[in-house]
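The values are calculated or read from the model by the stated rules, or taken from the named source; none is laboratory data. Predicted model only: the values in this text are computed from it and were never measured. Here the Cβ is made from the backbone with ideal geometry for all residues, glycine too, and neighbour counts use every protein chain on show. All accessible areas refer to the heavy atoms of the entire protein, side chains included, with ligands and DNA or RNA removed. Shrake-Rupley method; radii C 1.70, N 1.55, O 1.52, S 1.80 Å.
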Amino acid sequence: MSDLARFQAAFAVALADDDGVISDLALARALSIHRNTSVKAAIDALAANFPVVRRLVGEASFSAAAFAFVRAQPPGEPRLCVYGADFPAFLAAYAPYAEAAYLADVAVLERLYTEALFAADAEPLDGAAALVGLDLETPLPLHPACRAHAFAAPAASLWSAHQDDAAEPALDRLVWGGEQVLITRPAGEVHVASISQGAFAFLAACRSGRPLGEAAVAAAGSGEDLASLFATLITAGAFADTSHPSELNI
Amino acid sequence: MDTTAGLGFKPEHLIDALLAQDRGLWFEVHADNYMVEGGPRLAALLALRERYPVSLHCVGLSIASFEAPESDYLAWLRRLAEKVEPLVVSDHLAWQKADGAHHADFLPFPRTFAALDQVVENLDRVQTALGRPILIENPSLYIDLPGHELSEADFLSEMARRSGCGLLIDVNNAYVSAANLGFCAAAYLDALPADRVGEVHLAGHTPDGDPESPLLIDSHDAPVAEAVWALYARLIRRIGPRPTLIERDDNIPSFAELMAERGRAHGLLALAATEMAAHV
């Protein structure tokens, strides 16, 4: 082991141990500054990626939870814009939120939002094109930014009620129950919506690579109108138009 | 020169930035925030790039680490540089990674000859992967570590000479380190090799809470201090005009307020260019 490696290993240990006693006062101060800077950057990244969880629990509580997470699972790479993949699971097991299981659901939704935000670019399948040449024997590819998840909590309604542009009584009108949530990125902006069980079954079949005909059969079990279900998903930008690969997509 | 003073780009300033008409304006982004597959953030950067030179400032190469730079990170940086065709790619003379964790700060190390060898080797890997030289920024220091074998100015000079990299001189970092460690910032800046300096950074700092012997923190959350402006004027009078960036990462003010600081740097650069021309 080189001197540089030995120094960096020892410095990193001292940095991670904020309860440790460092007799050298100058070193203790420097460690404290570096610790504050790196922990603040990681907490700020979580605050940016989980803004609704933060609104739901308040800034002080969020900072405490984020601090505990950063201590347990510090960033493993420099790209802090994607930090927090395991934050939802951490919140699910976080004792202070044991009575608020919906927080972990909202966190999962926000993680999917981040994934959708940074997913590859692709042309969405448009309605007119969809009517021409759809093949029931072929799987319909999902757009790279498309995410769908079934929640026990009304995650999409909670999320929507905590946006800046939410209508005032949004929370009062909230009906407590499970929601299937669709996240898409039509025209470069991420959209969050709750969708029907049939639409969710349709997307799940598409996600697992089953042909369009089988996806329709899966959705039909819900008894919903397939044409309007399909139109809703197309309008949301859930599918990719593979006949026009995007130039931006590498 | 085409690019004079620039601004650290903030997504909330996109429209203002695209509408600005200022001569010599350019932008810098934290490259790490754009190392993603696609989406609106990357699209905004490419729209900005249509109008202005853009440079990529990295925080993750961990160039002074005892290990080689991460290949995944290098691949992201290469892909981003291919899309953006940046004016400059830069990172810091510091390390961040240890035992699988990434510390989002610029950590110090003893400037030994062995460390210099390691930094040059790491830079070779990065510059080979990118197919271009990069710039390395002087760090803000909070402690005078034992065991240095080279001064920071000598370390930076040797690193640049051996690796072919350029230097990004952050005048605020020099001021902060000098105040914290008790050396003369002007003498430090005077000792840097003029021909290696490819860019200059200016930012604000804040004192920590200690009433007896405050340390200055490189916080990027305040306007550039007057003492830093004075050091900057002295630096560019000596080395000539260089692309200069106003950095602000916290307490982000309006675009107009940042542009006012940028205008001050632009004015000093024009003055330095005039003085240089008069000395031919």
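Structure above, values below:
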| item | result |
| --- | --- |
| Gaussian network model of chain B, springs between alpha carbon atoms under 10 Å - residue of B:S151, B:S62, B:S177 with greatest fluctuation | B:S151 |
| For the range A:76-218: relative contact order, % (alpha-carbon pairs under 8 angstrom, 6 or more apart) | 24 |
| Carbon + sulfur, % of accessible area of the protein assembly as shown - ligands and nucleic acids excluded, 1.4 Å | 55 |
| Farthest toward positive dipole pole in chain A [+1 Lys/Arg, -1 Asp/Glu at C-beta], among A:H143, A:L103, A:H162 | A:L103 |
| Buried on assembly, the range B:53-68 (at least 50 Å² less accessible surface than by itself, 1.4 Å probe) | B:F66 |
| Summed buried accessible surface, chains A and B, 1.4 Å probe, nearest 100 Å² | 3300 |
| Distance cut-off 47 Å, percentage of C-alpha pairs in the protein assembly as shown lying past it | 19 |
| Degrees, to the nearest 10: A:59-72 long Cα axis against longest axis of chain A | 80 |
| Chain B, relative contact order in percent, only Cα pairs under 8 angstrom and at least six apart counted | 17 |
| Protein-protein interface of the range A:68-94, residues with accessible area decrease of at least 30 Å², isolated chain reference, 1.4 Å probe | A:P75, A:P78, A:R79, A:C81 |
| Distance from the range B:1-34 to the range A:182-242 (C-alpha centre basis), Å | 40 |
| Amide H within-cut-off set for B:L135, under 5 Å, with H built and near neighbours excluded | B:V89, B:S90, B:D91, B:G166 |
| Helix A:25-49 axis, angle to chain A major axis (alpha carbon atoms, nearest 10°) | 10 |
| Solvent-accessible heavy-atom area per residue, rounded to whole Å², over the range B:5-278 at 1.4 Å | 37 |
| Cα-only radius of gyration and Dmax that characterise the range A:45-99, units Å | 10.7, 34 |
| Global geometry of chain B, whether rounded, prolate or oblate, following the gyration tensor of its Cα atoms and the 1.5 cut on a/c | rounded |
| Test item: A:30-37 mean partner chain Cβ contacts at 10 Å | 6 |
| Gaussian network model of chain A, Cα within-10 Å springs - most flexible of A:R35, A:R207, A:R54 | A:R35 |
| Within chain B, helix-based [θ] at 222 nm, where runs of 4 or more DSSP H residues each add -39,500 (n - 2.57), nearest 500 | -13000 deg cm²/dmol |
| 15 Å beta-carbon shell around B:L269, net charge (K/R +1, D/E -1) | +2 |
| Value of relative contact order over chain A, rounded to a whole percent, pairs C-alpha under 8 Å and six or more apart | 19 |
| Per-residue average of Cβ from other chains inside 10 Å of A:5-12 | 6 |
| Inter-part distance where the range A:10-34 and the range A:59-122 are each reduced to a Cα centre, Å | 27 |
| Acute angle (nearest 10 degrees) that the helix A:102-118 long axis makes with the longest principal axis of chain A, alpha-carbon atoms | 80 |
| Cα point-scatterer Debye curve for the range A:163-250, base-10 log of I(q)/I(0) at q = 0.14, 0.24, 0.25 Å⁻¹ | -0.62, -1.26, -1.31 |
| Selected from B:F155, B:F109, B:F183 as most flexible by GNM, with chain B as the system and alpha-carbon contacts under 10 Å | B:F183 |
| Per residue accessible area in Å² of chain A, where ligands, DNA and RNA are left out and the probe is 1.4 Å | 49 |
